[in-house]
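Read through the structure below, which is laid out as structure tokens, and then see the notes.
What follows is calculated from the coordinates using simple rules that are stated; it is not laboratory data. Everything quoted here is computed from the prediction, not taken from an experiment. For neighbour counting, all protein chains shown are included, and Cβ atoms are generated from backbone atoms with ideal geometry for every residue, glycine included.
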Amino acid sequence: MTSGVGVISGADAAGGVPHRGGPAGRPEIPAMVNVHSHAFQRDMRGAAERLSAVAADDDFWSWREAMFAAVARLDPDSMYTVAAAVYAEMAAAGYGTVGEFHYVHHQPDGTPYAEPNAMAMAVAEAARAAHLEIVLLPAAYHRNGWRAGADVPPEPGQRRFCDPDVETFLQRVDRLRDWARDRPGIEVGVAAHSVRAVPASWLTPISEYAERHRLVRHIHAQEQPREIEQCAAEHGCSPIELLHRHGFLGPRTTIVHAIHVSDADIARLAATGSIVAACPTTEANLGDGFLPAQRYRDAGVRLAIGSDSNVRVDPFEETRELETLARRLCLSRHGLLARTGDLWGELHRNGAASLGVAGERRLEVDPTHPSIRGIAASDLPYALATCADPGIIVRSVPPGDAPGAAPPRTRSG
Ligand SMILES: [Zn+2]
């Protein structure tokens with residue numbers, strides 16, 4: 001597994017960023033792994049920011065209504081179009097692999113397409129067209145929460161996410177895994193949308209399925225206080241504790257967000273080796289709150305990053321947000337970077353583990369780009385987490401590619 005920026009060696013005569021030995025003579029760094037994306041949400045940019053001037057409570061829940069409206073317009077062709085555009089953006093920005101948390105499965109009224117995985121296949125083909133490795137994470141969804149002792153049925157906007165039972169869902173995952181088997185660059189894991197969207201009785205079968213087939217498993221949890229209140233009312237515990245009871249946590253498990261957490265929640269994640277996917281730009285945009293990064297750091301919980309709603313697609317920005325957030329919380333410059341000296345490499349390594357891939361794609365970077373020009377070789381890992389941007393990328397290098405044997409440039413300039 002490639003990780004860190006240790007491929008760089010030596011310093012150039014001017015004391016700036018060193019050149020690597022290959023014909024291209026430029027440093028290489030790992031392409032970042034994006035562990036959490038909803039490709040179609042890219043089309044909500046701008047429009048989703050039109051908030052009422054008088055209603056002060058626009059938050060995740062009102063954003064969700066706008067998301068349902070965007071979902072209603074999708075079919076496999078338009079899903080391919082939006083995904084191809086945002087994946088091209090990801091490849092150009094420095095991501096090499098994307099985990100697509102996929103829950104728009106069916107036709108708008110909830111009827112499966114003739115090919116029940118048509119939407120997931122469209123997403124996967126879009127990633128291949130963008131030269132991006134993809135791990136499809138088909139997500140189970142069944143209900144619109146729980147109230148007064150019963151599942152709340154899906155709203156019209158949610159019908160196309162839903163399956164009638166967990167067996168039907170897992171059969172479709174089986175079928176998708178068969179389809180992906182002979183397609184390089186396409187892998188399949190499994191997901192449950194959230195403990196709000198699936199009943200607890202689905203969690204154990206999904207955990208067991210993932211264990212049986214050695215698949216990574218993902219779930220949104222503890223993004224919003226209301227979700228935690230609902231889980232406490234239904235189950236008498238936090239979502240993370242509920243997941244623990246159902247065998248969902250473990251080293252191949254990623255909890256997306258995990259913002260509003262108790263010390264006990266963090267201890268459970270640490271003890272089980274689970275990974276937390278932080279999505280700083282989306283969490284900021286939605287007013288979710290912020291990740292208690294320093295508490296996770298101190299507990300030894302692995303962190304990875306995701307572009308989530310794709311309101312921003314920039315792994316340098318996500319990395320910097322995470323680092324500066326940790327520094328603000330600590331009232332110190334000892335955030336995450338100080339622990340290892342290579343936050344980019346750490347997020348890449350944890351991202352690869354989160355998706356169960358090697359994440360071998362690399363980025364050739366331009367040491368003369370204004371954002372990193374004049375930086376000493378040994379300081380490049382620090383620069384990646386504090387001042388670099390996608391403009392430093394010259395090209396994305398696929399695994400096994402010899403230095404200088406260039407694939408198409410992913411970005412100009
Ligand atoms: Zn998400």
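Before moving on, here are some points about what is shown:
- Computed label-point distance, nm, for sites residue 167 and residue 128 using a 7 Å Cα→Cβ extension: 3.2 nm
- Expressed in units of 2.2 N^0.38 Å, where N is the residue count, the Cα radius of gyration of the chain is 0.96.
- When you count the other C-beta atoms within 10 angstrom of each residue and take the mean per peptide, 381-393, 350-362 line up highest first as 350-362, 381-393.
- Cα extents of segment 127-220 along the three principal axes, largest first (Å): 47, 29, 21
- Residue exposure sequence - 186, 255, 219 - by fewest surrounding Cβ within 10 Å: 186, 255, 219
- Taking a point 7 Å from the Cα of residue 299 along the Cα-to-Cβ direction, the residues of segment 215-251 with backbone N closer than 11 Å to it are 240-241.
- Estimated distance in nm for a label pair at residue 262 and residue 245, the labels positioned 7 Å out from Cα along Cα-to-Cβ: 1.3 nm
- Distant-in-sequence amide H partners of residue 35 (H built 1.01 Å from N, under 5 Å): 99, 305, 306, 307
- Placing R0 at 25 angstrom, the Cβ-Cβ distance between residue 330 and residue 379 gives a FRET efficiency of 0.70 after rounding to 0.05.
- Note on residue 148/residue 340: beta-carbon distance plugged into 1/(1 + (r/R0)^6) with R0 of 60 Å gives a FRET efficiency of 0.80.
- Residue 175/residue 387 FRET efficiency (R0 45 Å; Cβ-Cβ; nearest 0.05): 0.45
- Degrees, to the nearest 10: 203-213 long Cα axis against longest axis of the chain: 50 degrees
- The peptide list 191-203, 289-301, put in order of mean Cβ contacts within 10 Å with the highest first, becomes 191-203, 289-301.
- Between segment 145-206 and segment 303-342, the C-alpha centres lie 31 angstrom from each other.
- Estimated 222 nm signal from helices in the chain, with DSSP H stretches of n ≥ 4 weighted -39500 (n - 2.57), rounded to 500: -10500 deg cm²/dmol
- Angle between the chain longest axis and helix 76-93 axis [Cα atoms, degrees, rounded to 10]: 30 degrees
- Highest average packing first - 109-118, 162-171, Cβ atoms within 10 Å: 162-171, 109-118
- Point-to-point label distance, residue 77-residue 109, nm (Cα→Cβ direction, 7 Å offset): 2.1 nm
- Looking at the chain alone, DSSP beta bridges between its own residues are antiparallel in about 20 percent of cases.
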